[in-house]
Amino acid sequence: MNDTTTGRTERADVAIVGAGPAGLAAAVAAAESGAAVVLVDAAAQPGGQFWRHRPEGIVQERDGRGHHGWKTYLDLRARFDAGRERGQITYLPGLQVWMAEKDDAGFTLRTTPTVAGPVGGPAVAARRLILSPGGYDRQLPVPGWDLPGVMAAGGIQAFLKGNGSLPGRRFVIAGTGPFLLPVAAGIAEAGGQVVAVLESSSPAAWLPHLGAAAGVPEKALEGAEYAAVFARHRIPYRTRNVVTEVLGSGSRGSSRVTAVRSAKVDAKGKVRPGTERGYADVDVVGFGWGFTPQMELPLSLGAETRLDADGSLVGVVNERQESSVPGLFLAGEVTGVGGAKLAVLEGLAAGAAAAVRDDAARAAPGLHAMARHRRFAEAMHRAHPVPAGWQEWLTPATVVCRCEEVTAGQITEAREMLEARDARTIKSFTRAGMGWCQGRVCGFAAACLGQGPAAPPSAESLSSAARRPLAAPVGIGELAALEPSDS
Amino acid sequence: MSTKAQRGAGGPAAAEQPGSPQETVTISFDGRPLTAAPGQSIGSALVAQGIVAWRSTRKGARPRGLFCGIGICFDCLLTVDGATNQRACLVEVCEGMQIEGSCTPDDGSRA
Amino acid sequence: MNQTSDVIIIGAGVIGAATAYFATQQGLTVTVLDKGLPASGTSSACEGNILVSDKELGPELELTRYSLGVWHGDLAEHKKLWEFESKGGIIVASRESSLTSLERVMAAQASYGVVVEKLDPDALRQAEPNITPDALGGASYPEDCQVQPMLVAAHLVRLATEAGARFVADTAVTGFLRAGKRVTGVTTTRGDFAAGAVVNCTGTWAGELAALAGVDVPVLPRRGFVMVTEPLPPMVHHKVYAAEYIDNVGSSDAGLQASPVVEGTPSGSILIGSTRERVGFDRTVSIDALRLLAQNATALFPFLAEVKAIRHYHGFRPYCPDHLPVIGHDERAPGLWHAAGHEGAGIGLSAGTGKLLAQALAGMTPDLDVSPFTPARFGEQARNTSHREEATA
């Protein structure tokens with residue numbers, strides 16, 4: 001499947017990072033506009049997280065069971081494969097970009113194999129670059145969330161889509177946002193038992209935003225589908241409910257999830273005394289608090305950013321999906337979390353624009369549809385905020401940074417004693433965000449804790465949490481083997 | 001525990017795939033032979049056998065296994081055929097694969 | 001006008017924090033101003049070295065040994081706060097020629113009282129089992145230590161404020177208050193602050209600040225990249241570097257240089273330093289810098305080729321053309337003091353610098369003669385004519 005495995009430089013008109021809905025669409029649009037395209041993706045096959053599927057060499061998923069928009073995928077995939085056959089698209093799967101550089105000639109990507117391999121990845125050089133790296137579940141720490149059996153909600157879905165099996169038997173899915181619904185529905189349809197879905201917001205929060213939602217009728221249909229699945233499998237959907245503690249059993253070194261404590265919360269996320277209850281015999285808990293776009297590559301290239309309605313740091317683009325950096329296009333979740341349909345539209349627009357040599361060229365297609373989807377996404381974000389009171393669910397011993405095992409108490413101490421107040425100073429003084437994942441998991445929470453409970457984190461703080469000079473771990477032997485630069 | 005997890009792993013989504021090859025692969029985990037399905041991730045193969053943690057944290061010796069499931073969090077690291085710190089959620093099993101966890105923290109044995 | 005104090009310290013990096021700490025110990029009233037938060041500049045982008053091994057004979061070595069005494073003496077009770085680690089340094093020679101120069105340096109340092117022990121190849125392998133088989137021998141410096149520099153700065157500021165100092169964050173200095181020639185305070189983005197003495201502890205930015213007072217302090221930035229590996233079990237037990245390092249520290253070559261400096265840390269990550277290049281305040285990541293770090297590190301510790309780097313960082317080391325720091329009162333602008341330009345040694349030298357400067361600020365004779373570091377060495381003239389007129393007006 002890989003079009004190259006050597007350490008040479010691949011050259012193209014347009015380089016694309018990510019083969020999810022936005023990246024696939026961008027590759028197809030750019031190639032169909034006549035550009036030579038190189039697409040780099042971390043996964044072994046196209047689809048991204050949304051269309052993750054079982055290894056094609058083992059299982060052919062013709063009917064797309066459990067997938068949304070599978071027809072769109074099959075269409076894009078056929079056009080993508082046709083582009084490869086014409087020699088217009090070079091597909092480089094299994095590679096992570098560890099650094100992106102810009103110079104007068106364009107962009108250079110440095111890559112490294114996602115899984116251990118005998119050689120490093122090639123460099124990719126292109127005049128234009130489209131970044132569509134997607135995002136991942138945003139997490140808030142809670143006591144016990146580092147027990148084995150606690151997963152990201154999206155991780156459970158990825159497990160199911162990628163392996164055709166479930167990571168456990170009895171699930172509690174918790175957090176906020178419409179994404180909890182397909183996760184729970186997928187588990188139930190695959191034979192797992194969803195003990196409860198705990199949603200911190202309230203459906204009443206949707207009402208003021210229905211006008212915007214009405215512009216996207218397919219979302220209403222999706223909602224109806226989930227409602228049917230929930231009814232069929234008798235899945236309790238409890239709003240204004242949160243997990244306050246995940247309980248485990250077993251000795252410290254071998255403990256794992258066995259139960260969950262929950263409580264009702266008010267509109268600010270404050271626990272209402274006397275509403276606590278427990279769910280026993282639970283072996284998997286899935287958490288999702290919206291999504292965090294992967295911003296390290298746009299940030300490293302100097303792209304302008306803003307805070308989106310969901311509190312995430314996202315890239316600023318114009319109507320051609322071009323960022324503040326000329327020649328750098330952004331598509332998908334990095335411009336604002338908005339789902340796969342919007343990502344496809346943005347990818348198509350970015351691909352077409354990036355392929356055109358004249359900057360004054362045609363307006364992007366699909367602008368109206370994109371605007372509708374963005375309005376819907378914004379309504380969803382406003383209806384499913386991160387509850388302001390979440391920090392009160394923590395105890396001083398709650399682990400916040402899973403990699404470096406930094407606790408909430410240590411972070412509070414750094415804030416109160418050492419003047420720390422943003423993700424950068426929290427990291428300097430406590431090591432939160434300095435470990436393997438480089439703050440991808442705890443960055444948002446650390447930024448919140450640095451700010452204190454009064455206000456959400458600033459763009460500056462989130463930006464310092466999302467700056468990762470190495471966008472992926474890279475072998476020191478690979479670095480030693482790099483070619484000296486020309487200058 | 002392992003029977004419960006196996007029941008989950010053998011759910012309808014797996015069983016009903018048309019043309020799904022029936023053969024299995026054998027891998028070893030910490031010296032124990034395990035059976036896995038072709039195309040499965042290492043993480044999924046271990047969870048299917050009831051193994052949900054295979055790493056201990058450096059400071060608190062806390063058990064860790066899958067978390068993000070998509071290669072972001074690096075919680076599920078293990079050693080695959082001698083290559084250290086590989087992500088169990090991303091690496092596919094293959095016949096004869098030797099997998100080692102690190103359930104004692106920093107024992108200094110790795111080279 | 002904000003409240004008047006005896007001393008205003010500009011900059012809450014390690015140098016400013018140490019000066020604030022010791023000034024409050026001297027009973028002075030202290031205000032610390034920083035344009036951001038503590039440890040936001042070079043202090044947060046270095047390796048936290050407290051080294052005697054890399055010092056040349058002369059005033060810097062004397063200051064180093066004095067400072068080491070302060071770390072182990074006055075500051076001993078706080079060691080845990082900043083992860084003080086007496087890890088010891090090892091210099092490794094892999095060529096006959098560098099072994100010869102190392103032995104020469106060792107002899108000179110030993111005659112000066114530095115504790116140093118020659119390591120034959122067997123002793124070297126015992127101390128660092130994973131060292132390159134090419135190593136011919138080395139030198140062990142048990143006095144070399146390490147701290148977490150951000151915690152040093154933050155805790156010293158905290159300890160100073162608990163002893164009565166005032167810390168004002170997010171306050172950039174925009175100019176100086178003058179009474180004739182004399183500096184009597186600063187103007188800032190948050191109003192004016194008056195004081196009997198103003199201390200410039202702004203590191204790489206010390207030259208710019210001095211220029212606001214009309215005096216020339218030629219502190220320049222030298223960029224250094226450091227690479228950080230994935231967490232590992234203990235594989236590197238000391239701060240290990242190549243014999244060529246000493247030559248590089250004193251070098252005035254502007255081009256990219258990299259000497260392998262490899263050390264384990266309590267967190268399990270290995271730090272790989274450090275490049276040195278003169279590119280102003282350019283923050284562009286340099287592929288060449290990363291490649292050189294990787295090549296030199298794997299030459300010293302071959303196992304590192306199989307290890308992953310998870311991040312890197314860079315900082316701007318403040319240096320003066322003569323590679324000595326600037327410490328003391330500036331006669332050209334009475335009332336203005338400097339403590340800056342410590343190059344790659346600022347963390348180690350901070351404790352001694354702060355204590356000596358505090359003694360001088362309190363009107364005492366410092367424990368160590370700081371005249372080799374005097375700002376007066378940069379010439380008697382104030383920097384620009386217009387300011388001179390203003391000052392004499």
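Any read-out appearing in this document is the output of simple, stated calculations on the displayed coordinates, not a laboratory observation. Bear in mind the structure is a predicted one, so any value in this text is a computation, not a measurement. Positions of Cβ are generated from backbone atoms using ideal geometry, with glycine treated the same way; all protein chains shown enter the neighbour counts.
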Peptide-level mean, for C:219-229, of C-beta atoms on other protein chains within 10 Å
1
How long are the three semi-axes of the equivalent ellipsoid for the range A:392-457, computed from the Cα gyration tensor as the root of 5 times each eigenvalue, in whole Å, largest first?
15, 12, 11
If you take every DSSP beta bridge fully contained in chain A, what fraction is antiparallel? Give it as a percent rounded to 5.
45
Quotient of C-alpha Rg and 2.2 N^0.38 Å, computed over the range A:199-354
1.36
Principal axis extents for the range C:160-279, Cα atoms only, whole Å, descending order, please.
57, 39, 20
Inverting the mean 1/r over all pairs of different Cα atoms, compute the Kirkwood radius of the range C:99-245 and quote it in Å.
20.3
Report, please, the projected area of the range C:17-78 averaged over directions, based on the convex hull of its C-alpha atoms, in nm².
5.7
For the protein assembly as shown, build the convex hull from the C-alpha positions and give me its volume per residue in Å³.
174
Enter the angle in degrees (range 0 to 90, nearest 10) between the Cα long axis of helix A:153-163 and the first principal axis of the Cα atoms of chain A, meaning the one along which they spread out most.
60
Loop trypsin sites (Lys or Arg not before Pro), the range A:77-153 (other Cβ atoms within 10 Å of the site Cβ: 16 or fewer; DSSP)
A:R86
Residues with amide H under 5 Å from that of A:V325, placed H, sequence gap 5 or more
A:E304
For A:I426, B:I72, what's the fewest-to-most ordering of other Cβ within 10 Å of each Cβ?
B:I72, A:I426
Sorted by chain and number, the residues with a modelled amide H under 5 Å from that of C:D192, at a separation of 5 or more or across chains, are C:N2
Projected onto their principal axes, the Cα atoms of chain A stretch, largest extent first, over whole-Å spans of 64, 52, 43
Please report the antiparallel percentage of DSSP beta bridges with both residues in the protein assembly as shown, rounded to the nearest 5.
60
Could you list log10 I(q)/I(0) for the range B:48-96 at q = 0.25 Å⁻¹, which the Debye formula gives when each Cα is one point scatterer?
-1.05
Please tell me which of these pairs span more than 19 angstrom C-alpha to C-alpha: C:K55/C:K79; A:K71/A:K161; C:K87/C:K118; C:K239/C:K355?
C:K55/C:K79; C:K239/C:K355
Using alpha carbons only, how many degrees (0 to 90, rounded to 10) separate the axis of helix C:287-300 from the longest principal axis of chain C?
50
Treating only Lys and Arg (+1) and Asp and Glu (-1) as charged, each at its beta carbon, one finds that the range B:33-90 has a dipole about its Cα centre, in Debye to the nearest 20, of 300
Amide H neighbours of A:L247 under 5 Å, counting only residues 5+ apart in sequence or on other chains, H built in-plane at 1.01 Å?
A:T258, A:A259, A:V260, A:R261
Phi-based couplings in Hz for the range C:51-65 (Karplus 6.51, -1.76, 1.60; Gly and Pro marked x):
10, 9, 5, 9, 8, 7, 5, x, x, 5, 5, 5, 5, 4, 5
For the residues C:D330, B:D81, what sequence is obtained by ranking on other C-beta atoms within 10 Å, fewest first?
B:D81, C:D330
Name the cysteines of the protein assembly as shown that stand alone by the Cβ rule: no other cysteine Cβ under 4.7 angstrom.
A:C403, A:C437, A:C448, B:C76, B:C89, B:C94, B:C103, C:C46, C:C145, C:C201, C:C320
May I ask you to derive the relative contact order of the range C:199-357, considering only C-alpha pairs under 8 Å and at least 6 residues apart, and to give it as an integer percent?
31
May I ask you to list the trypsin sites (Lys or Arg not before Pro) in the range C:42-107 that are in a DSSP loop and have at most 16 other Cβ atoms within 10 Å of their Cβ?
C:R95
Using the count of nearby Cβ atoms within 10 Å as a rough guide to exposure, how do C:F84, C:F373 rank from fewest to most?
C:F84, C:F373
The range A:324-417 - convex hull of the alpha-carbon atoms, volume per residue in Å³:
169
In terms of Cα to Cα distance under 17 Å, which aspartates and glutamates are near enough to A:K427, apart from those fewer than 8 places away along the same chain?
A:E296, A:E404, A:E405, A:E413, A:E416, A:E419, A:E460, C:E47, C:E83, C:E230
Antiparallel DSSP bridges in chain C: what percent, to the nearest 5?
70
By how many degrees, 0 to 90 and rounded to 10, does the Cα axis of helix A:340-355 deviate from the longest principal axis of chain A?
20
When N counts the residues of the range C:286-385, how does its alpha-carbon radius of gyration compare numerically with 2.2 N^0.38 Å, as a ratio?
1.55
